[in-house]
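Reading through the structure tokens given below for one structure.
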Amino acid sequence: MFRNSLIFLIICSAVNGASIDYLNRRQAVIDAEKKQATGGRVFLTAKESKADEILVVLKNQAVADGILNPDSYAPGMHFFEAKPLIDQSKVFRILKAMPKGSVLHLHTAAAVSSEWIIKNLTYRPEAKICKADGRFYLTARAFKLCSEDSLNSIQALRTENGTSALFDRWLESLINLKYNSLDTIHVDINTVWVEFEQMFSTIKEFLLYKPFFEAFCSRMLQEFFEDNVFYIELRTTFSKLYDSSGKSYEDFEVAKILTNVVDTFKEAHPEFIGVKVIYSKHRETGNGTAYDLLMTYTNLTTQFPNLVVGFDLVGQEDINFPLNVFLKDLHEFQKSSLYFFHAGETNGYGSDADLNLIDAVLLNSRRIGHGYSLYKHPVLWRAVKSKSIPLEVCPISNQVLRLVNDLRNHPAVFYVSESVPIVISCDDPGFWDSKGVSYDFYYALMSIAPKTAGIGFLKQIVWDSVKYSALTSNERTSFSRILQARWDVFLDDLISGNLSSL
Ligand SMILES: [Zn+2]
């Protein structure tokens, strides 16, 4: 009824000469903004145009439903509540099947789904747990916080507990924020960050045990490959590993171990391009100096030039050292280093964390991790755009870590409207019940991109994930060939209805 009235009004208007002019000018604004947005100038083949029509119809059906039922509209909801709805969504099934190119912002310890860790690693006889200062730690050996006496076999505890499902659920709650109440843990940024960083501590020792580290990394590749991701740039530390004989493995040996895991995976999955590492340490680790960290990075990148490609400092920016504390060292190593800084992952405006963005740009960061607060800096975001420095946008991370509740209000909406280059990534999916990067793509398409954005938008960000990677030009060429073949199959499946009817 409403639609008919609208058509009637348009027809009435159209018979009036002045109103036709008004409608033309109105449409011109819409067209100009569409062209200016991410993907707006992407050329679509006939096949892509057909796929776009199908996808946009499905998307607009969901948007229309959301206007009538905002309380169950997944793109406007918190991921913990929206996930079952997203899983049922036709658009999500399409995005899951879509080849997504690279994931360029991912932290190792949180890269794998918590469910797999619980169902696999904690069922191994070496898996132990201890409690220190009111917190639990998973481990395979005694360490600084947990003496031999304080260690408990997880297998034994599971048997004593009687109900393994309940026990496993409790165990998983130590490494997955979804089990925390949205009313208590998720109330503010600092509170949720304490729990979030504790999860890194809880699992750290566990992943220093070489057999667990290898199984974990192999699983990481599997989960991302199954999610149609073919290349990963991993933020990692190369902490010393150990094995059951007590032998320990230094950072360069850990780099070899990771290389072996990746090579084995590539042999079994020839389409997988590989992994490169952005050597990343916590911003508090160096007591205000980054010299030793940069030396280690330099040694690693000299020994493994094709693996270790960049440097970053990580951890909550609001309360830890800002980049300008390390300026002397960062300047000294600037010529020989590639920086990929986290910067502006904050709600602040003019705070140290916010101003990290200025240092990231001046220090020639190749990409910016998050760049959440960049939109507040008109000089800087224009510089970022003209210098083609992509922002690594991680929608679910920003939501779970309390920067934004409704992702339709995420600053990336502005970046998309202005075509500031972005890639979509997932940050720490295992710690919030996500898997791979498809859920982040769902929010990017449904919450961040405009209503009309479809295949053009997706094509732009998928190919930008190759363009802005640290791959060599030859590697990018062979990656593009593999991606194009997968992209064509994806379009065929989408057009034939195979994906939306799954
Ligand atoms: Zn991060």
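What follows is calculated from the coordinates using simple rules that are stated; it is not laboratory data. Small disclaimer: the values here were computed from a predicted structure and weren't measured. Quick reminder, even Gly has a Cβ in these numbers, built from the backbone with ideal geometry, and neighbours come from all protein chains shown.
Show the residue pairs that are 6+ apart or on different chains and have beta-carbon atoms under 9 Å apart, the first residue being within region 138-156 and under 11 Å from Glu205 (Cα atoms) and free of Cβ contacts under 8 Å to residues at least 40 places away in the same chain, the second being part of a helix (DSSP H, G or I) and acidic (Asp, Glu).
Final answer for the pair search is Ala142/Glu148; Ala142/Asp149.
Residues checked against (1) within 16 Å of the ligand (Cβ to nearest atom); (2) outside any loop (DSSP other than H, G, I, E, B):
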position: Phe252; (1), (2): no, yes
position: Ala255; (1), (2): no, yes
position: Thr264; (1), (2): no, yes
position: Ser280; (1), (2): yes, yes
position: Gly288; (1), (2): no, no
position: Asp292; (1), (2): no, yes
position: Asn306; (1), (2): no, no
position: Gly310; (1), (2): yes, yes
position: Asp318; (1), (2): yes, no
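Yes or no, residue by residue, for (1) in contact with a helix residue (DSSP H, G or I) (Cβ under 6 Å, 6 or more places away or on another chain); (2) within 16 Å of the ligand (Cβ to nearest atom); (3) without any contact (Cβ under 8 Å) to a residue 60 or more places away in the chain:
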site	(1), (2), (3)
Trp381	yes, no, yes
Lys387	no, no, yes
Pro390	no, yes, no
Asp406	yes, no, no
Ile422	yes, yes, no
Asp427	yes, yes, no
Val437	no, yes, no
Asp440	yes, yes, yes
Tyr443	yes, no, no
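Looking only at region 394-422, how many residues end up being closer than 22 Å to Ser113 by Cα and outside any helix (DSSP H, G or I)?
Residues meeting the conditions: 3.
So is Ala444 within 18 Å of Ile94 (Cβ to Cβ), assigned to a loop (DSSP other than H, G, I, E, B) and among the hydrophobic types (A, V, I, L, M, F, W, C) or not?
Numbers: within 18 Å of Ile94 (Cβ to Cβ): yes; assigned to a loop (DSSP other than H, G, I, E, B): no; among the hydrophobic types (A, V, I, L, M, F, W, C): yes.
Here the answer is no, as Ala444 does not meet what is asked.
Just one of Glu226, Glu214, Glu233 is within 16 Å of the ligand (Cβ to nearest atom) and either touching a residue at least 60 places away in the same chain (Cβ under 8 Å) or not aliphatic (A, V, I, L, M) (or both); which is it?
Details: Glu226 fails: within 16 Å of the ligand (Cβ to nearest atom); Glu214 fails: within 16 Å of the ligand (Cβ to nearest atom).
Unique residue meeting the criteria: Glu233.
Hey, among Asn161, Asn180, which residue is surrounded by 15 or more Cβ atoms within 10 Å (Cβ to Cβ), without any contact (Cβ under 8 Å) to a residue 40 or more places away in the chain and either touching a Leu at 6+ places or on another chain (Cβ under 8 Å) or not basic (Lys, Arg) (or both)? Spell out how you get there, then give the answer.
On the way: Asn161 fails: surrounded by 15 or more Cβ atoms within 10 Å (Cβ to Cβ).
Being surrounded by 15 or more Cβ atoms within 10 Å (Cβ to Cβ), without any contact (Cβ under 8 Å) to a residue 40 or more places away in the chain and either touching a Leu at 6+ places or on another chain (Cβ under 8 Å) or not basic (Lys, Arg) (or both) holds for just one of Asn161, Asn180, which is Asn180.
Looking at (1) among the hydrophobic types (A, V, I, L, M, F, W, C); (2) surrounded by fewer than 20 Cβ atoms within 10 Å (Cβ to Cβ); (3) in contact (Cβ under 8 Å) with a residue 24 or more places away in the chain, which is the only condition Leu166 fails?
Only one criterion in (1) among the hydrophobic types (A, V, I, L, M, F, W, C); (2) surrounded by fewer than 20 Cβ atoms within 10 Å (Cβ to Cβ); (3) in contact (Cβ under 8 Å) with a residue 24 or more places away in the chain is unmet by Leu166, namely (3).
Looking at Val404, Val420, Val489, can you tell me which residue is crowded, with 22+ Cβ neighbours inside 10 Å and either closer than 29 Å to Ile67 by Cβ or of a type in the set (Val, Ile, Thr) (or both)? Walk me through it before giving the result.
On the way: Val404 fails: crowded, with 22+ Cβ neighbours inside 10 Å; Val489 fails: crowded, with 22+ Cβ neighbours inside 10 Å.
Exactly one residue qualifies, and that residue is Val420.
Take region 342-356 and flag every residue that is closer than 21 Å to Val416 by Cα and either within 15 Å of the ligand (Cβ to nearest atom) or part of a strand (DSSP E or B) (or both).
His342, Ala343, Gly344, Glu345, Thr346
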